[in-house]
Amino acid sequence: MGNIRDIAKKAGVSVSTVSRVLNHHPYVKEDKRQAVLKAIEEMNYTKNMNAVHLSKGQTFVVGVVLPYINQSYFSAVLEGIAEEALASDYQLMICQTNYEIKQEIQALEMLKMKQVDGLLICSRACDWEVIREYQMYGPIIVCEDGRGTDVSSVFIDHYAAFEKGLHHLIEQGHRRIGYCIGRRTGVNSYQRERAYRNIMNELGEPIREEWIFDQCLLLEDGERVASRLIKLTSRPTALLVTNDQVAAGLVLQCQHLGIRVPEDLAIIGFDNQSISHVLQLTTIELPLKELGRQLFQLFLHKDNVKHIEVSTQLIKRLTV
């Protein structure tokens, strides 16, 4: 393929002239420009984009750190990020971590090595101290409540969102309430659990661990929850489910097992995905695409630390 010096030799011009042609500089004589272009074509020359990026100090690539690609919550956030990236002529590099700290640090190292211009962390397992160590190498934006830190963030108040769902269930006469969650660790999960425990304590209801269902991510997990419910001697009358896909699997399996929804079991999902419309699920709408858009916008306007909260809404349908 040759390099820039080979092209200059073949075209009979200087290296600087070849550089000006490659970078579309206007002040190049036309005969020399044509000679360079002919040499480029004959030698099948392609720019070394790594060298171009190094010279400009930018890659126009942003890393997106997320635990799972196949989970609807993160795919919706990613969709919002991708729309903004496309509009701003940026490419995305997806870093799936499965909540493994080693994988998250590898993504942070990419920022340090200038392989990406910034990192958008949709969910994390590593500590704040680890993130702070890498801030000097480029902008890092997190998708959680970062207030009180010097890391810019876009977030949903998951305590308030969970509280909203619980209050709706209580207004409908429910006191025996359980919930499903993706994982018991992480900032968002802690907020949801704290809201649940506080509300149950206000009601004077005991916290029943058998009514808290962990590792609920997919439709099949909702089926698993329903199969566990049917075996309980004492069941909740309502469940708050932090994912519409899980809630949908729960509804469908309840029909199969003869558990009536909402008569025997009221269900509130989260996210307001398309499947919630189809099954008429009551749900808490989380504007996930907007979350992604705001994440990317904070990356573009990275001069000041900012914390942006996006609001949630209760969508009342037929499962409560």
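Kindly indicate which of Leu288, Leu314 is closer than 19 Å to Val77 by Cα, touching a residue at least 12 places away in the same chain (Cβ under 8 Å) and either in contact with a helix residue (DSSP H, G or I) (Cβ under 7 Å, 6 or more places away or on another chain) or of a type in the set (A, V, I, L, M) (or both). Answer to the check: Leu288.
One line per residue, one yes/no per condition, for (1) surrounded by 16 or more Cβ atoms within 10 Å (Cβ to Cβ); (2) in a helix (DSSP H, G or I); (3) modelled with pLDDT of 80 or more:
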position: Tyr45; (1), (2), (3): yes, no, no
position: Ala51; (1), (2), (3): no, yes, no
position: Leu54; (1), (2), (3): no, yes, no
position: Thr59; (1), (2), (3): yes, no, yes
position: Gly63; (1), (2), (3): yes, no, yes
position: Ile69; (1), (2), (3): no, no, yes
position: Ala76; (1), (2), (3): yes, yes, yes
position: Glu79; (1), (2), (3): no, yes, yes
position: Ala85; (1), (2), (3): yes, yes, yes
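Quick check: is even one residue across the stretch 96-109 acidic (Asp, Glu) and in contact (Cβ under 8 Å) with a residue 40 or more places away in the chain? No, the conditions are met nowhere in the stretch 96-109. Contact map, the stretch 137-161: first residue under 10 Å from Val187 (Cβ atoms) and without any contact (Cβ under 8 Å) to a residue 24 or more places away in the chain, second residue outside any strand (DSSP E or B) and not small (Gly, Ala, Ser), Cβ cut-off under 6 Å, separation 6 or more or different chains; pairs are Val142/Val151. For Met136, the conditions (1) hydrophobic (A, V, I, L, M, F, W, C); (2) surrounded by 15 or more Cβ atoms within 10 Å (Cβ to Cβ); (3) part of a helix (DSSP H, G or I) all hold with the exception of (2).
When the residues of the stretch 117-133 are filtered to those that are buried (at least 17 other Cβ atoms within 10 Å of the Cβ) and free of Cβ contacts under 8 Å to residues at least 40 places away in the same chain, the one that is farthest from Pro67 (Cα to Cα) is Ile131. Residues in the stretch 277-320 that are among the hydroxyl-bearing types (Ser, Thr, Tyr) and either surrounded by fewer than 16 Cβ atoms within 10 Å (Cβ to Cβ) or at pLDDT below 95 (or both): Ser311 alone.
If you go through the stretch 278-313 and keep only what is touching a Lys or Arg at 6+ places or on another chain (Cβ under 9 Å), farther than 29 Å from Asp150 by Cα and either among the β-branched types (Val, Ile, Thr) or in a strand (DSSP E or B) (or both), you end up with Thr282, Thr283, Ile284.
The values are calculated or read from the model by the stated rules, or taken from the named source; none is laboratory data. Here the structure is a predicted model, which means the values were calculated and not measured. For neighbour counting, all protein chains shown are included, and Cβ atoms are generated from backbone atoms with ideal geometry for every residue, glycine included.
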